[in-house]
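Only one structure is covered here, and it is reproduced in the block below.
The values are calculated or read from the model by the stated rules, or taken from the named source; none is laboratory data. Just so it is clear, the structure is predicted and the values come from calculations on it, not from any experiment. So basically every Cβ, Gly included, is an ideal-geometry build from the backbone, and we count neighbours across all protein chains shown.
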């Protein structure tokens with residue numbers, strides 16, 4: 001008996017995606033195709049399926065409730081004005 005006889009789903013490969021780095025510039029990362037982090041850009045494909053940390057998740061929920069609107073406003077401004085954000089958008093369009 002082989003595992004593929006029982007498993008129906010096909011494994012998807014993590015796509016490459018550009019991400020802004022803190023020092024300005026671009027780094028090539030991976031976009032998660034499935035798992036709890038689907039759609040998120042991570043440094044290693046194995047991070048897509050890592051177990052979630054409940055303490056960090058709880059802390060993030062509190063932080064999002066407190067600062068979510070401000071984060072959304074800043075993100076919208078950055079994506080419109082920051083040259084590196086515009087570059088990431090162009091580079092990721094070419095990859096897909």
key: Subset of the range 70-96 [more than 19 Å from the chain's Cα centre (by Cα) and loosely packed, with under 10 Cβ neighbours inside 10 Å]   = 70, 80, 81, 83
query = From the set of residues in the range 24-49 that are free of Cβ contacts under 8 Å to residues at least 60 places away in the same chain and at positive phi, which is nearest to the chain's Cα centre (by Cα)?
reply = 39
First in the range 66-79 and part of a helix (DSSP H, G or I), second anywhere and surrounded by 10 or more Cβ atoms within 10 Å (Cβ to Cβ), Cβ under 7 Å, 6 or more apart = 78/85; 79/85
ask   = Of (1) modelled with pLDDT of 95 or more; (2) closer than 14 Å to residue 16 by Cβ, residue 92 satisfies all except one. Which?
value = (1)
query = Can you name the condition, by its number, that residue 34 falls short on among (1) part of a helix (DSSP H, G or I); (2) under 24 Å from residue 12 (Cβ atoms); (3) out of contact with any strand residue (DSSP E or B) (no Cβ under 9 Å at 6 or more places or on another chain)?
reply = (1)
query = Does the range 36-46 hold any residues that are in contact with a helix residue (DSSP H, G or I) (Cβ under 8 Å, 6 or more places away or on another chain), farther than 16 Å from residue 88 by Cα and surrounded by 15 or more Cβ atoms within 10 Å (Cβ to Cβ), and which are they?
reply = 37
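Could you please let me know if residue 56 is at pLDDT below 95 and exposed (fewer than 10 other Cβ atoms within 10 Å of the Cβ)? Give the steps one after another, and end with the answer.
Details: at pLDDT below 95: no; exposed (fewer than 10 other Cβ atoms within 10 Å of the Cβ): yes.
The answer is no for residue 56.
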task = State whether one or more residues within the range 55-62 are under 29 Å from residue 82 (Cα atoms), part of a strand (DSSP E or B) and without any contact (Cβ under 8 Å) to a residue 24 or more places away in the chain.
result = no
